[in-house]
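Report on the following structure.
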Amino acid sequence: MTNTSPQRVAIVTGGARGIGAAITTALAKSGVHVAAGYSSNAAAAEELAGKLGAEGCSVSVHQGNVGVPEDCERVVQEVLDSHGRVDVLVNNAGITVDKTMRRMSVEDWHAVLRINLSGAFYMSKSVLEQMIANKYGRIVNISSVVGQMGNIGQVNYAASKSGLFGFTQSLARETANKGITVNCVAPGYIETEMVAAVPEAAMEKILARIPVGRLGQAHEIARAVQFLVDDDAGFITGSVISVNGGMDM
């Protein structure tokens, strides 16, 4: 990453596991201080921070639920108190509660929308004023190919991830003349713990729909994020980058 002094500071929500851990790792190894957010798995967060710290990287961990606006404000303030700035926000935290719509409860619907979509709003709102004051910011929202194609049993998840497209483009228009870019990365099926739980028969059907014939790797998503948050990526805003092996094209 092209870097200028002082050191860039990034917040990565859900930054301790899966795709989030890969993003934390990529940014930290590029010289950025990464504040990795987590909700409940403190052990995973501390383990990742310890591993990267031993490699000379700068990582801090912050507990909070992105579905709670007060938590978002607190975590951002913790980072500002410690580092004086937030240059990069990666809205990665997300959950699934998969059921067909006939079986999905109102609570199931709101649980997923609260984390996956409202969480991006709460976090972005919490960092926005100081980004505007600094005349610099990079916001990247992690969506999904499911938001582009839909999927049986995931009306809540698809709606939340599709909602990030409009969120990204609207916020990008609001901030384009303020030194802030807002972009979106839409991963396909990535080899993570969540995907590993998919039954073998279902996985065979998924692989048959991916032209490159394999699952993606978390570091491939992280590479796209790293590109978008680079200092030199200032002319890219309001974009959706699909990283899905050709599944939707």
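The values are calculated or read from the model by the stated rules, or taken from the named source; none is laboratory data. Predicted model only: the values in this text are computed from it and were never measured. All Cβ positions, even for glycine, are placed from backbone atoms using ideal geometry, and neighbour counts span all protein chains on display. In case anyone asks, the SASA skips ligands and DNA or RNA and just uses the protein heavy atoms, side chains included. Shrake-Rupley method; radii C 1.70, N 1.55, O 1.52, S 1.80 Å.
Details
- Net lengthening on full extension, residue 177/residue 134 (0.36 nm per residue, minus Cα-Cα): 14.2 nm
- For residue 29, the lysines whose Cα falls under 18 Å of its own Cα, not counting residues fewer than eight places away in the same chain, are 51.
- The range 45-178 gives an Rg/Rh value of 1.02, both radii derived from C-alpha positions and Rh following Kirkwood.
- This model, with +1 at the C-beta of Lys and Arg and -1 at the C-beta of Asp and Glu, gives the chain a dipole about its Cα centre of some 480 debye.
- Cross-link reach list, lysines versus residue 99, counting only Cα pairs under 17 Å and skipping chain neighbours closer than eight places: 161
- Taking a ≥ b ≥ c as the square roots of the eigenvalues of the alpha-carbon gyration tensor, the range 91-249 is classed oblate because a/c is 1.5 or more while a/b is no larger than b/c.
- Around residue 31: net Lys/Arg minus Asp/Glu count, Cβ-Cβ under 14 Å: -2
- Two-site label geometry, residue 235 and residue 73: point separation in nm, points 7 Å out along Cα→Cβ: 4.0 nm
- Put a dot 7 Å past the Cα of residue 248, heading toward its Cβ, do the same for residue 98, and the two dots end up 1.6 nm apart.
- Taking a straight line from the alpha carbon of residue 125, these aspartates and glutamates sit under 12 Å away, with near neighbours fewer than eight places off in the same chain left out: 70, 73.
- Surface accessible to a 1.4 Å probe, per residue, for the residues of the chain, Å²: 47 Å²
- Peptides 92-98, 137-143 ordered by packing proxy, namely the average of other Cβ atoms within 10 Å per residue, highest first: 137-143, 92-98.
- Per-peptide packing, taken as the mean over residues of other Cβ atoms within 10 Å, places 102-112, 187-197, 70-80 in the sequence 70-80, 187-197, 102-112 from highest down.
- In the chain, helical runs assigned H by DSSP with n ≥ 4 each contribute -39500 (n - 2.57); averaged across all residues and rounded to the nearest 500, the mean residue ellipticity at 222 nm is -14000 deg cm²/dmol.
- Share of carbon and sulfur in the accessible heavy-atom surface of the chain [1.4 Å probe, %]: 53 percent
- Residue 242 long-range amide H proximity, modeled H, under 5 Å: 186
- Here the gap between residue 125 and residue 223, fully extended at 0.36 nm per residue and compared with their Cα-Cα distance, gives a gain of 32.8 nm.
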